[in-house]
Amino acid sequence: MSIRPSAYEFFAGGGLAGMGLSQGQSWGRGLAGIDTVFANDMDGMKAAAFRANHADTPFHHGDVWALNVADLPGRPDLCWASSPCQDVSLAGARGGLEAGRSGAFWGFWRLMQGLQAENRAPSVIVLENVIGLLTSGQGRDFAAVCKAMAEAGYRVGALEMDAALWLPQSRPRLFVVAIKGEAPVTSTPAAPFHSPRLIAAYERLPQTVRQAWAWWSLPVPPHRNLDLDAVLEPDAEVNWLEDADSILALASPLHRARLDAAVASGQRRVGAAYRRVRTENGVKVQRLEIRFDGLAGCLRTPAGGSSRQYVVVCDQGQVRLRRLTGREAARLMGVSDDYQLPKSQSAALKLMGDAVAVPVVRALTEGLLAPALNNRRAAA
């Protein structure tokens with residue numbers, strides 16, 4: 001009986017990346033997923049959630065910089081890092097990988113170098129982050145990550161994957177994948193996983209890094225048939241806001257027109273909305289932005305009421321407004337209802353807002369990571 005490949009999961013949060021890795025369908029030689037054999041995170045709430053849902057997985061609660069190679073068991077086939085994104089997010093101050101939190105990548109990379117020195121380096125490394133990594137530091141941060149991987153002897157490439165291809169949530173994320181050995185590739189970049197902004201970032205890379213580059217190939221999934229309304233709680237089981245009118249009044253003329261059209265239809269229309277600060281005529285104003293395309297907006301960690309997503313329901317000429325629940329956020333990340341969430345709504349939303357969507361990781365595993373590991377084993 002074949003032993004399943006193993007993975008370390010760094011910056012693991014609630015363990016959603018590991019869930020996607022482990023759920024991959026079977027591929028050659030009986031392998032049917034990748035098992036997380038070590039995980040870490042420094043956030044206490046996330047550590048508690050990981051342990052509650054993955055009790056059998058060894059977990060280290062602490063800063064990645066405090067880890068030593070001796071703390072890491074065996075020889076992993078794959079290492080996954082969902083390093084903090086605040087300093088490279090398009091919504092942040094863009095401090096880059098030299099800033100405190102996103103700079104944790106280098107704490108992770110120090111461990112990869114240590115594994116390599118002990119001949120325990122993984123065959124596959126995946127860095128998951130926000131799309132802003134492509135342009136952070138005028139592209140220097142993305143180049144630094146790719147350069148480090150290339151210098152360690154890996155072929156390196158990246159994919160931009162939007163959870164909206166699998167789930168009713170608009171959530172584009174960048175996956176930088178480094179592989180030793182054979183893996184599915186395409187000779188030229190191809191949509192939807194090689195976007196114009198990714199191609200532009202590749203063209204800014206140093207020539208030495210471009211020589212180690214691969215346009216990883218990944219099958220395009222079937223058309224998504226799940227929409228936002230399907231993952232929501234029944235209307236009678238949630239709390240609706242009494243001050244909806246004051247919040248809806250923040251909508252710009254464009255978004256107000258969308259709302260009015262949905263109400264005028266008389267049909268049930270379900271939308272998602274966020275409050276955001278926009279600059280209009282040189283003045284910062286708060287606006288409610290609404291979408292009725294069957295998708296939620298990208299889940300964000302709640303840092304005050306203005307960043308918590310709303311659910312808008314128009315039905316029979318009436319409109320109601322409420323906040324998205326933590327359980328609904330988990331469903332939008334592809335997590336089943338038996339997953340144990342923190343009791344606090346804010347904590348549950350933070351856990352999911354910082355995570356990676358499970359079906360996206362599963363698709364990446366089945367289409368690229370697993371074949372690469374399978375090829376590696378076959379060649380051994």
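The values are calculated or read from the model by the stated rules, or taken from the named source; none is laboratory data. Predicted, not measured: the structure shown is a model, and the values here were computed from it. No Cβ is skipped: glycine too gets one built from the backbone with ideal geometry, and neighbour counts run over all protein chains shown. For accessibility, only protein heavy atoms count, side chains too; no ligands or nucleic acids. Shrake-Rupley method; radii C 1.70, N 1.55, O 1.52, S 1.80 Å.
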**Asked** the stretch 250-281: which trypsin sites (Lys or Arg not before Pro) are DSSP loop and have at most 12 other beta-carbon atoms within 10 angstrom?
**Response** Arg268
**Item:** Charge tally in the Cβ shell below 13 Å around Ala148, where Lys, Arg are +1 and Asp, Glu are -1, Ala148 excluded
**Value:** +1
**Message:** About the Cα centre, and with charges only on the beta carbon of Lys, Arg (+1) and Asp, Glu (-1), how big is the dipole of the chain? Nearest 20 debye, please.
**Reply:** 620
**Request:** Report, to the nearest 10°, how far helix 104-117 tilts away from the longest principal axis of the Cα atoms in the chain, using its own Cα long axis and a range of 0 to 90°.
**Result:** 20
**Rg and Dmax of the chain, Cα atoms only, in Å** = 21.4, 67
**Asked** So, with a 1.4 angstrom probe, what is the percent of accessible area on the stretch 233-380 that is carbon and sulfur?
**Response** 45
**Item:** Under DSSP loop assignment and at most 12 Cβ neighbours within 10 Å, longest GluC sites (Glu not before Pro)-free interval of the chain
**Value:** 243-380
**Request:** Between Asp141, Asp260, Asp354, find the one with the highest GNM mean-square fluctuation for the chain; connect C-alpha pairs within less than 10 Å.
**Result:** Asp260
**Request:** Note the direction-averaged projected area, equal to a quarter of the hull surface, for the Cα convex hull of the stretch 274-380, in nm².
**Result:** 11.4
**Request:** Would you mind working out the accessible area per residue for the stretch 306-380, using a 1.4 Å probe, and quoting it in Å²?
**Result:** 37
**Item:** Computed accessible area, Ser123, all protein chains, 1.4 angstrom probe, square angstrom
**Value:** 20
**Fill in**
Restricted to the chain, the DSSP antiparallel beta bridge percent, nearest 5, is 65
**Asked** GNM, the chain, Cα, under 10 Å: largest mean-square fluctuation among Gln345, Gln113, Gln207?
**Response** Gln207
**Complete:** Charge tally for neighbours of Glu203 with beta carbon under 12 Å away, counting Lys, Arg as +1 and Asp, Glu as -1, is +3
**Request:** Provide the net charge surrounding Gly20, with neighbours chosen by a C-beta distance below 10 Å and charges set as Lys +1, Arg +1, Asp -1, Glu -1.
**Result:** 0
**Request:** Would you give the gap between the C-alpha center of the stretch 314-380 and the C-alpha center of the stretch 65-85, rounded to a whole Å?
**Result:** 22
**If the convex hull is drawn through the Cα atoms of the stretch 143-225, its volume per residue in Å³** = 95
**Selection from Leu174, Ala39, Ser344 lying farthest towards where the dipole of the chain points positive, charges on Cβ** = Leu174
**Gap separating the Cα centres of the stretch 256-307 and the stretch 204-218, nearest whole Å** = 38
**Message:** Over 24 Å apart: what share of the alpha carbon pairs of the stretch 99-201 falls there, rounded to a whole percent?
**Reply:** 26
